[in-house]
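The values are calculated or read from the model by the stated rules, or taken from the named source; none is laboratory data. Bear in mind that the values here come from a model prediction, so they are computed numbers and not experimental data. Heads up, the Cβs are rebuilt from the backbone with ideal geometry, glycines too, and the neighbour counts pull from every protein chain shown.
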């Protein structure tokens, strides 16, 4: 995309090689949200005024439960068990980041490898792998993750693995069709005719061209993973040792926060999830414009 | 008929997929912690019941032979006995399926009608301020956890304003002479309103975005330019020439959405205590009612796969450019 990078100036030159979609308003907003989110996740212990799991007491040794925002210095108030909501939000960014990144990494790595092999080698390799993808499309995603998370020990890793076992399918299909078009390009033909091995053709000529696409599907998977983890925690199959936004919502729901109009308790975790997940969507839209400029908007 | 062959081969393929999913289900419930009998037998069952189930599901035989017994039982619709309800799982599933389907279809129909109209309108108003405001909002609705949206609507419309009931399908103590009387009663519909609204808000994004981008493509085609040159009104151009052609792919996505929605139902049904398959799956898994959990999972998978098939077939039949060579 030479025209695009020329007009992007300094920022473009720095981030150009990463194919970051600077220049698109949506994408820039998404990147800023990601940056703030990552910062919060990393520095949560410094930023948070309280330990998110600590049961707090007032100066008179009363349980500091169900405080409204602003009362006794709690920015967003406290939960029914006397825990600081604002600190929970900050720490929630940690588990969201962890789940989002690991799931996205696994999904794009598995999906890319399967798509590459399938598209490049064709034949029975393709048939077997694509039938596997069909099966993955036939598995009801959330029920599958629920059953796996419930049967194995409830932990973030089991949830992430269950997600990766199903979600690689979308990436694999897209990468495969991209590889199919790349394979018939002149330079790939030329490399094959001149005696390059399959391995070196894949690594030198094909892989670099599909990395942006893997990143695109990775950024979509971050959002999916965070939403799924939230659902799993909400249903009570989440990691009991980690404070996540889904856990907060489950806590609020189970503690009758809805009937008590405790909006300050269950609105913020939802907003946090929406911001992070839509950031992924915004970035992927920006990528789409870079990758497929003719699609237009 | 050269359309028959792709239809048959695709159907066969998806039957294989169904078989694979059924096998995965078998393995999932056999490899869980505890002894293999736990998948079908609750310690509180009477001895006769236990022996009958051991015989019926071949639980004293090796894994492979259990697998074939399991497949044979499935073909006869035999799913075992629910631990909690003490009734056949199949009976329970058929009881809950209508509730889930009503929820799914009514929310999707609303979502698609709205999404198609709004998508066409946004394509027509391309580059306007209305588009700049609505697109991020639509993307944000796709980023919402469905259960959270349900919680917010529940807090506002049920607990705060008191307009709609908080959960279930009917008020306590109400009886209806027939299912039809129940489903058309004002009581049932008011219970249905909030879960449907939740799912509809979440689902309208896909048809809206699809419709919009298809419209933008169609509006570039020659026959639309021709219509403009002929001086036809914008209404005629957008509705008669644009929308009709942009609609096909959106309609095929409906089938995919049904399968997808069924999975999202799991959380929304739980928020609204809606007695459907999804909520049953969650409570069965939490209560270790394995036969029921398997049955609910299987039913959801069957619908998902059937909808994938319908979407594929519609695509083949409606768009002559797609060939399954």
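General remarks:
- Inside the range B:141-158, residues that are over 15 Å from residue A:252 (Cα atoms), assigned to a helix (DSSP H, G or I) and within 7 Å of another protein chain (Cβ to nearest Cβ) make up a count of 2.
- For residue B:298, the test of being more than 12 Å from every other protein chain (Cβ to nearest Cβ), surrounded by fewer than 24 Cβ atoms within 10 Å (Cβ to Cβ) and either in contact (Cβ under 8 Å) with a residue 40 or more places away in the chain or more than 15 Å from residue B:96 (Cα to Cα) (or both) is failed.
- Scanning the range B:228-236 turns up no residue that is crowded, with 20+ Cβ neighbours inside 10 Å, assigned to a helix (DSSP H, G or I) and at pLDDT 75 or above.
- Count - residues of the range B:202-223 that are crowded, with 18+ Cβ neighbours inside 10 Å and modelled with pLDDT under 80: 2
- Within the range B:260-274, the residues that satisfy the criterion of being surrounded by 19 or more Cβ atoms within 10 Å (Cβ to Cβ) and more than 8 Å from every other protein chain (Cβ to nearest Cβ) are B:260, B:261, B:265, B:268, B:269, B:272, B:274.
- Scan of the range A:234-262 for residues that are over 15 Å from residue A:91 (Cβ atoms), facing chain B (nearest Cβ under 7 Å) and part of a helix (DSSP H, G or I), ordered by number: A:234, A:253
- Condition broken by residue A:188, with the remaining ones in (1) closer than 30 Å to residue A:134 by Cβ; (2) in contact (Cβ under 8 Å) with a residue 24 or more places away in the chain; (3) assigned to a helix (DSSP H, G or I) satisfied: (2)
- Boolean, residue A:196 is outside any helix (DSSP H, G or I), more than 10 Å from chain B (Cβ to nearest Cβ) and either more than 30 Å from residue B:149 (Cβ to Cβ) or modelled with pLDDT of 85 or more (or both): yes
- Among residues of the range B:14-26 that are within 7 Å of another protein chain (Cβ to nearest Cβ) and free of Cβ contacts under 8 Å to residues at least 60 places away in the same chain, those with a Cβ under 6 angstrom from a residue that is in a helix (DSSP H, G or I) and crowded, with 18+ Cβ neighbours inside 10 Å, sequence gap 6+ or separate chain, pair up as B:20/A:135.
- The sole residue among A:139, A:161, A:148 that is within 14 Å of chain B (Cβ to nearest Cβ), on the phi < 0 side of the Ramachandran plot and surrounded by fewer than 20 Cβ atoms within 10 Å (Cβ to Cβ) is A:161.
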